Amino acid sequence: MNSNLPASNKMKSSRKIEFKYSTIRKGLKKLRSLKSFLMYILPVSLILGFIFPQASESLNSFGISLIQLISFPAIPLVLAAVVLSTHSILTITRSKKSEFNFPRRLVLTILTLVIFVSLFALTLALYQKPGVLTPEGKLSIGRYMLDVADINLSLFSVDNGAIDNFKWFKDILPINIISDASNNKTLKVITGSCLLGWGLSLLSISKAQPLLSFIRSVYDVSLKVLDELLLIAPLVVICLIAGSFATISSEMIVALLNLTICMLLGSIAALGLSRLIYKRFTTQSERKQLPDNPADSVFLLGLSTGSSLACYPSIIRSMDTMGRDTNQSEVAASLSLLVSSMGNIIYNIIAIVFALNLFQVTLTPYKLLEVIVLGIVTGVSAAGLTGVSVVPTIALALTALVLPVPPVLVLLLAVDPILTLPRAATTAVLSMAICTICSEPKETIDLQMSLQNSDT
């Protein structure tokens with residue numbers, strides 16, 4: 001009997017640890033609500049940054065490190081989802097009439113939203129006029145430029161050699177999926193994942209199953225790890241907001257206020273659009289499955305982490321809870337998060353207008369058309385990038401418009417710690433909207449399959 005005591009004590013101890021972890025986990029999840037963000041996280045962040053300004057730089061660095069940690073499982077998760085979803089869709093037996101319904105609907109939805117948000121961002125920028133500065137604002141920018149005149153701007157240099165008309169085509173063709181992934185060639189990796197899924201769909205089930213099982217395991221593990229890592233999202237936002245006291249001066253915030261307001265208004269508008277789409281493209285029975293509008297939680301998660309990829313599990317979970325087809329949701333979420341990057345498109349258009357106003361360039365109709373095209377191209381080219389790494393992609397647009405690259409990018413970098421969060425939230429919440437429009441209820445797909453089988 002005494003020999004059983006150590007074993008029973010160990011079981012009790014493990015249960016206590018499990019209970020404590022479960023309690024902590026529930027508490028951290030509650031902090032991801034909008035109420036907790038406004039009442040606790042935001043005030044604590046501001047107070048911490050105000051009281052300990054000397055530690056702000058370290059806090060900012062720590063917050064960026066945490067974002068990198070969260071992004072680690074997000075990329076293999078999404079890429080595995082692309083492979084599995086492509087394979088599943090291509091292997092589903094459907095009639096020729098309905099075979100391409102989902103891909104066609106997905107492409108049309110993404111294109112429509114890209115055009116809509118681009119026009120909205122341009123309209124917003126024309127109204128708000130970022131880059132049109134007061135004399136005090138010009139003076140603040142001048143002082144700031146003198147302070148950072150000695151920084152290394154080689155990162156922003158652009159090759160002025162011969163223009164390669166097929167560069168865009170080369171950027172989407174995969175070479176080596178491992179090297180492409182390590183070099184942040186997201187578009188190449190996406191294309192390679194689609195090709196892999198297509199190749200698996202051509203094989204027999206017995207031959208494809210081992211690799212599919214492995215990829216499914218990668219997907220499940222990445223999803224679980226990401227879900228657990230998202231518990232630290234409140235800590236991330238505390239570090240980033242508190243850390244911004246070291247990287248952002250009050251003078252620069254005032255000088256670039258219109259730029260900041262434009263991006264924030266764009267994010268709020270994206271949230272409103274996603275909420276409307278959710279109410280329009282869901283049934284009452286589907287909405288009953290969720291206590292609140294899922295667009296709110298996705299937006300807040302993107303705002304907290306600064307990473308749109310981190311919102312992938314939340315989007316898929318919401319779609320599953322509503323009863324939407326998992327394969328379609330995974331494809332729509334993956335492509336919209338990694339390829340369209342609408343938060344980057346909105347930001348880039350606003351930033352380009354900012355640069356044109358800063359150098360007092362006349363905004364003719366042709367110039368505005370250039371702004372839209374360049375904003376979309378550079379926004380898509382930033383697919384998969386997060387945080388400050390998005391900013392240098394605007395150099396392509398600035399070069400095409402014959403504008404000085406380093407001064408503009410230095411100014412954008414000054415306020416980027418603020419703009420990173422709404423940019424990620426915008427991409428995430430519009431991806432949620434795309435999933436809501438494109439994915440079908442599981443019952444509808446099952447009915448189509450039954451009708452197809454009966455016809456056969």
Task: Candidate set from the stretch 393-420 (those that are of a type in the set (Ser, Thr, Tyr) and modelled with pLDDT of 75 or more); member that is farthest from the chain's Cα centre (by Cα) - done: Thr399
Open item on the list: Can you tell me which condition Leu309 does not meet? The list is (1) among the hydrophobic types (A, V, I, L, M, F, W, C); (2) over 16 Å from Ala433 (Cα atoms); (3) at pLDDT below 85; (4) crowded, with 24+ Cβ neighbours inside 10 Å, and all the others hold.
Closed with: (2)
Task: Single unsatisfied condition, Thr426 versus (1) closer than 30 Å to Arg280 by Cβ; (2) polar (S, T, N, Q); (3) at pLDDT below 85 - done: (3)
Task: Options Thr86, Thr93; residue that is among the polar types (S, T, N, Q), under 30 Å from Ile177 (Cα atoms) and modelled with pLDDT under 70 - done: Thr93
- [ ] Name every residue in the stretch 233-259 that is surrounded by fewer than 18 Cβ atoms within 10 Å (Cβ to Cβ) and at pLDDT 75 or above, in order of residue number.
- [x] Leu235, Leu257
Open item on the list: For Thr378, only one of the following conditions fails: (1) closer than 18 Å to Val78 by Cβ; (2) modelled with pLDDT under 90; (3) of a type in the set (Ser, Thr, Tyr); (4) surrounded by 24 or more Cβ atoms within 10 Å (Cβ to Cβ). What is its number?
Closed with: (1)
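The values are calculated or read from the model by the stated rules, or taken from the named source; none is laboratory data. As the structure is a computational prediction, the values presented were derived from the model and not from experiment. Glycine also receives a Cβ, built like all others from the backbone with ideal geometry; neighbour counts cover every protein chain displayed.
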